[in-house]
1. Name the long-range amide H neighbours of PHE92: under 5 Å, sequence gap of 5 or more, or other chain; modelled H, no Pro or chain starts.
2. With +1 on each Lys and Arg Cβ and -1 on each Asp and Glu Cβ, and nothing else charged, work out how big the dipole of the stretch 330-432 is about its Cα centre, in Debye to the nearest 20.
3. If you place +1 on the Cβ of every Lys and Arg and -1 on the Cβ of every Asp and Glu, how big does the dipole about the Cα centre of the stretch 208-349 come out, in debye to the nearest 20?
4. Any chance you could check the Cα centroid distance between the stretch 368-432 and the stretch 42-65 for me, in angstrom?
5. Taking amide hydrogens as modeled 1.01 Å from N in the peptide plane, which residues meet the under 5 Å criterion relative to ASN308, leaving out close sequence neighbours?
6. For the stretch 422-434, just list the computed ³J(HN,Hα) in residue order, Karplus coefficients 6.51, -1.76 and 1.60, θ = phi - 60°, integers in Hz, with x standing in for Gly and Pro.
7. Once phi is turned into θ = phi - 60°, what whole-Hz ³J(HN,Hα) does the Karplus curve with 6.51, -1.76 and 1.60 give for every residue of the stretch 290-296, x standing for Gly and Pro?
8. Of LYS155/LYS250; LYS54/LYS291; LYS291/LYS341; LYS155/LYS179; LYS179/LYS341, which pairs sit farther than 31 Å apart, going by alpha carbon to alpha carbon?
Amino acid sequence: MITKKSTRPDGSSVSRYQGSGVRHAMTPNRWLAPAELFLSSFIALIILGSLGLKFLPGIYQGEPLNWTDAIFTSTSAVCVTGLIVVDTATYFTLRGQALILLLIQLGGLGMLILTSVIITALGRKISLNLESVTADSRKLIPQVSARLLITNILKFTFLIEAAGAFLLYCMWVPRLGWKGAAWPAVFHSVSAFCNAGFSTNSNSLINYQDSPGTLLVISVLIILGGLGFVTMQELNLRFAQRQQSLPRIKRLSVHSQLVLWTSFILILGGWLLFAGFEWNGLLAEMSLTDKLSNSLFLSVTPRTAGFNSIDYEQATDSTNLLTMILMMIGGSPSSTAGGLKTTTFALLGLLAWSKLRSQTTTTFASRSIPDETIQRGTGLFVISTSVVVTGVFLMSSIGDFRGYEQRFLVRLFETISAFNTVGLSMGLTDSLSLPSRWVLIFLMFAGRTGPLVIASALIVRLAHRSKFRLAYEDVIVG
């Protein structure tokens, strides 16, 4: 990535970044071109999906969706959320389900490709620490062409989805038959890897509570989809067969180490906590193997897949609160998952830990994290939390104004699920009023596109700080 500076007639400077086939002006008052492309591509896909749901023939069992529900369903599919206002299994024909799956696949691939290309276009190394990575690790993304990057993502996606569909098909043949198992296996494999949560079953995966193999395969697909292509590519270059066209790396970057450790801790911690919360509750009648597999699934699916093997309306408040926390954290950068992302959550924890120890810098894996990265993570957390608070306030206000008697926990659960593109619900979605559905449409779109656009904008602004600052004056906190 090459940086060039030019001078305008008024004396101000403009930095232009060249590399990876992308050139754009880095001005403080303009979004990056890749971020604009990211937004416009998702808007266009949602519009096309809505038109398809309204006008394509033979996709409904009965009456077609109205405009609001068509836009809601298209947004949920493209943003790989999984919230539904109608039952996918019974309301749509096979052709209609195929349309939804196509939107899911395009939305998931779009997220993988565009985020990876934007990372490349911005010239950001994989590591969170731009100055402490080995020279080999620096070459991993910036020196890979956009064409090769997209090709690798497509291979990576279709290979994993095909493997998942094959395993699910083998396990579901005894239940559904040789022909009946094919379409559900393909649908669930794509939906799981894209972290979408759409299902061809009316009750999602509740009928598979007693199938540990099914829950394990779906869990692995969710994890791989939410891990991020950047980390998967780096793992491949570190441990798998070497490719002559790509560099060899000797150590995982700080980014990948942070993603892997955070994901492991969240999955393991959630597994143990969910097992404890529901061992004598919803899991009480299950065998030991089913208890363990279902509690593991409960830990994986909120980040951010949306499948459910239990009824969350019957779960304890502790289970639902932990689920909302995991939904808010979400998956990892450059993945199909939503949420704040594991790296943001980990950075906030590392920042707090460094302050408690009176350290001047935030460190991880014997490296210091740049202050700019910490500021971006903090900014994302504040903005995302503000959006969720605003969303649940609107949902509650609309519900109270219309006289709906719903628990606040149910409204909060639905809001967090929508913004973090999870798709889990406590049975509220299909009973929402028209204004509430539009609130969720906005939340799903903002949750899918907002964090990356915000991060891109913050990168620009932090890169163009003023040459002077105002005088310091302290305030009292705490």
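1. Close amide H contacts, sequence-distant or interchain: GLN61.
2. Its charge dipole is roughly 360 debye.
3. For the stretch 208-349, the charge dipole is close to 1100 debye.
4. Each part reduced to its Cα centre gives a spacing of 27 Å.
5. So ASN308 has HN proximity to LEU205.
6. Once θ is set to phi - 60°, the couplings for the stretch 422-434 become 9, x, 6, 8, 9, x, 8, 4, 6, 9, 5, 6, 4 Hz.
7. My calculation for the stretch 290-296 gives 5, 4, 5, 5, 6, 5, 5 Hz in order.
8. LYS54/LYS291; LYS179/LYS341
Bear in mind that the values in this text are calculations on the coordinates, not laboratory data. Not measured: the values here are computed from a predicted model. Positions of Cβ are generated from backbone atoms using ideal geometry, with glycine treated the same way; all protein chains shown enter the neighbour counts.
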